Structure formats: C-alpha cells, structure tokens
Amino acid sequence: LVATLVFLAMGGHHVLLLGIAQSVDVAPPGRALAVLATEGILESGASLFGAGLRIASPVVGTLLVSQLALGLVARAAPRLQVFALSFATAAIVGAITLRASMPTAIEALVQEVRGLDAALTAVLSAS
C-alpha cells in the first residue's frame, strides 16, 4: 500500500502512461517483437531484481537472525513450545524491522520510479 502511494506521489502513473503511449508509437501492434532490445530487457530485469533485494533484505536478514535465535532457544529449552512462539516473534520482529527500514525502502522505490523512463527506452530501443 505504501509503495502504491509513493508510486502515485512521485508521478509514476504519468511515466507509465507516457511509456505505454511511446511503446505503441515505437512498436505498433504486430511488430513488437522485432523492436524489443534483448539487452534492455535483461538490464531492466536485473535492476528490478536488485531493487527487490535492496528493499526486502533488512526484513529478511532480521527474520533469519530471529529464527536462528529461536532455534538456539529450542535446543536450550526443549520443553518450550518454540514453534508456537516463533509465529508471534516473527510477526513482531518483522513489523518492527519493516517500520525501521521504511525510509530506505521508500528512497529505493523513488529511485526506481525515476528510472522507469530510461528503462522503458532501453527495452524499446531498436537494435
């Protein structure tokens, strides 16, 4: 939900609509595959994957450490129901980490939205 609000606030919807209009001009229906640049598609996909990793890595890393700690607790106190405890712990730790990393995630989203025009041009550049 926050990503959608940031996308709209940064004018991403205007860039997206402009990109769609330009794509129809550059690659009319029926000739689209001849115009797409393979390198541009690969670079855009790699950029998208990297942005996803940058946004998700704080939460994933913190949850990994949390689960490792709960594994140690399970070894130290075998009678403790760690499985039931892990759900609440993961939710609380994930929410706290998500809240703490939100400014960085928003900045990464803003950078991705600003680069949409260049990425679309790279994908649609005639080879």
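The values are calculated or read from the model by the stated rules, or taken from the named source; none is laboratory data. Just so we're clear, the structure is a prediction, and the values are computed from it rather than from any experiment. Glycine also receives a Cβ, built like all others from the backbone with ideal geometry; neighbour counts cover every protein chain displayed. When the accessible area is computed, the model is the full protein with side chains, heavy atoms only, and any ligands, DNA or RNA have been set aside. Shrake-Rupley method; radii C 1.70, N 1.55, O 1.52, S 1.80 Å.
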Contact list please: Cβ distance under 8 Å, first residue in segment 2-24 and more than 23 Å from residue 123 (Cα to Cα) and touching a residue at least 60 places away in the same chain (Cβ under 8 Å), second residue in a helix (DSSP H, G or I) and of a type in the set (Val, Ile, Thr), pairs at least six apart or on different chains. 2/106; 6/106; 6/110; 6/113
Residues located in segment 115-124, provided they are open to solvent by 40 Å² or more (accessible area, probe 1.4 Å) and in contact with a helix residue (DSSP H, G or I) (Cβ under 9 Å, 6 or more places away or on another chain): 116, 117, 120, 121
